[in-house]
Amino acid sequence: MDLDKYFVKSDLIPAIVQEKSTGEVLMLAYMNRESLQKTLETGYTWFWSRSRGELWNKGATSGHLQKVAEIYADCDDDTLLIIAEQTGAACHTGNHSCFFKKLV
């Protein structure tokens, strides 16, 4: 699979993670070519941490893993949608989803 087409506009691509069983949006993170490759190879999500400047395997330390079921690219090949089976909380705050702060 040619992954280069997803990184034409930028070295990082947004990746939205959605829970397979409920459709709930769990989080948004960024992937570089290496993290996308590792995700495809392992079947578990890997991202690029913009704050730490390094790869991270979601749930590697907490045990709150994301097993990949499907990955979709949007029509412009510049955003990914990852359908995953979430173990435990997706958010570092302990919430199941990172989207728990209701504005309206």
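The values are calculated or read from the model by the stated rules, or taken from the named source; none is laboratory data. Not measured: the values here are computed from a predicted model. Using ideal geometry, Cβ is built from the backbone for each residue, glycine included, and neighbour counts are taken over all protein chains shown.
Kindly evaluate residue 29 against the criterion of being among the hydrophobic types (A, V, I, L, M, F, W, C) and surrounded by fewer than 18 Cβ atoms within 10 Å (Cβ to Cβ). First the steps, then the outcome.
On the way: among the hydrophobic types (A, V, I, L, M, F, W, C): yes; surrounded by fewer than 18 Cβ atoms within 10 Å (Cβ to Cβ): no.
It is false that residue 29 is among the hydrophobic types (A, V, I, L, M, F, W, C) and surrounded by fewer than 18 Cβ atoms within 10 Å (Cβ to Cβ).
Tally up the residues in the range 66-98 that are in contact with a Cys (Cβ under 8 Å, 6 or more places away or on another chain) and small (Gly, Ala, Ser), please. Final tally of qualifying residues: 2. The set of residues from the range 63-104 being of a type in the set (Ser, Thr, Tyr) and farther than 22 Å from residue 32 by Cβ comprises 87, 93, 97.
For the range 16-23, the criterion of being modelled with pLDDT of 95 or more and at positive phi is met by at least one residue.
Residues of the range 1-29 that are in a strand (DSSP E or B), more than 9 Å from the chain's Cα centre (by Cα) and of a type in the set (Val, Ile, Thr): 13, 25.
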